[in-house]
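The values are calculated or read from the model by the stated rules, or taken from the named source; none is laboratory data. Keep in mind that this is a model prediction, so the values were computed, not measured. Here the Cβ positions follow ideal geometry from the backbone for every residue, glycine too, while neighbour counts run over all protein chains shown.
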Amino acid sequence: MRFGVVVFPGSNCDIDCYHAAKEILGQPTDYVWHETSDLSSYDCIVLPGGFSYGDYLRPGAIARFAPAMQAVAEAAGRGKLVLGICNGFQILLEAGLLPGAMRRNDHLQFRCETRHLRLENNTTPFTHLGERGQILRLPIAHADGNYYIDELGLAELKRNNQIVLRYCDAEGQPTASANPNGALENIAGIVNRRGNVFGLMPHPERALENITGGTDGQLVWTSILKWWEGNHA
């Protein structure tokens, strides 16, 4: 399986994502500059966290016009896997590859901490090795993680089982106090209707080894690899 990690001016989690795919999973992995227009050789394309183009205008608003994003859209249309983490999630929203929008955290503070999350959908290529209701602990680091979608869009997300992760407390309850940014219904990650494009605000690439504080992020990365292997035997 071949991974491509897209690097925008201002990306700062690209090395972590490269380490996850190359060193932890042991798969061929390349950095892909944002001006690249051909991503056809990759099976999974990763949009990492950071501050693409300095987050000018709003996070992801400029990055969505990068040549690589047209190639990402084409790859997604062909059914290839796309993973957007933090700023990568914001870019996917701006590009229209996922529904909804991202607003400033409701407390107007940057939050860098570890949070509990409840797995709502374990049928995606990114989460199928987990159990529905499973509690994960993953780092977050963002100032614009307040996910929003209108009433009709929210109903569609629920109808199509597109909500993948919710912020929760240690017992798995999606309480207001467990919500670090004001996101609608504690939503932390969603997929598109087809299930091959996943965006999440938490950082699974930062939770792969005990030395960094935990290994719950392995669920996402290992699920990707096992899903691909199961479909390309």
(Q) Going through D38, D30, D16 one at a time, which residue ends up being in a loop (DSSP other than H, G, I, E, B) and touching a residue at least 24 places away in the same chain (Cβ under 8 Å)? (A) D38
Q: Sort through F89, F51 and tell me the only one that's at pLDDT 95 or above and crowded, with 23+ Cβ neighbours inside 10 Å.
A: F89
Q: State yes or no: is A73 touching a Ser or Thr at 6+ places or on another chain (Cβ under 9 Å) and either part of a loop (DSSP other than H, G, I, E, B) or not basic (K, R) (or both)?
A: no
Q) Among the residues of region 53-70, which ones are part of a helix (DSSP H, G or I) and either out of contact with any Ser or Thr (no Cβ under 6 Å at 6 or more places or on another chain) or farther than 29 Å from L225 by Cα (or both)? A) Y53, G54, D55, R64, F65, M69, Q70
Q) Limited to region 198-223, what total is found for residues that are over 13 Å from I24 (Cα atoms) and under 13 Å from the mean Cα position of the chain (by Cα)? A) 6
**Q.** Leading residue by the ranking (surrounded by the most Cβ atoms within 10 Å (Cβ to Cβ)) among those in region 179-195 that are farther than 16 Å from E120 by Cα and either at pLDDT below 95 or in contact with a strand residue (DSSP E or B) (Cβ under 6 Å, 6 or more places away or on another chain) (or both)
**A.** N181
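I'd like the full set of residues that are among the aliphatic types (A, V, I, L, M) and buried (at least 21 other Cβ atoms within 10 Å of the Cβ), limited to region 120-148. First the steps, then the outcome.
From region 120-148, those among the aliphatic types (A, V, I, L, M) are 129, 135-136, 138, 140-141, 143; that's our starting set.
Scanning region 120-148 gives L136, L138, I140.
If we keep just the residues of region 127-172 that are part of a helix (DSSP H, G or I) and in contact (Cβ under 8 Å) with a residue 40 or more places away in the chain, which is nearest to the chain's Cα centre (by Cα)? Give the steps one after another, and end with the answer.
From region 127-172, those part of a helix (DSSP H, G or I) are 151-159; that's our starting set.
Then keep just the ones that are in contact (Cβ under 8 Å) with a residue 40 or more places away in the chain; that gives 153, 156-157.
Numbers: G153: 19, E156: 20, L157: 16 Å.
Selected residue: L157.
Quick one: in region 196-219, of everything that is of a type in the set (S, T, N, Q) and touching a residue at least 60 places away in the same chain (Cβ under 8 Å), which residue is surrounded by the fewest Cβ atoms within 10 Å (Cβ to Cβ)?
Q218
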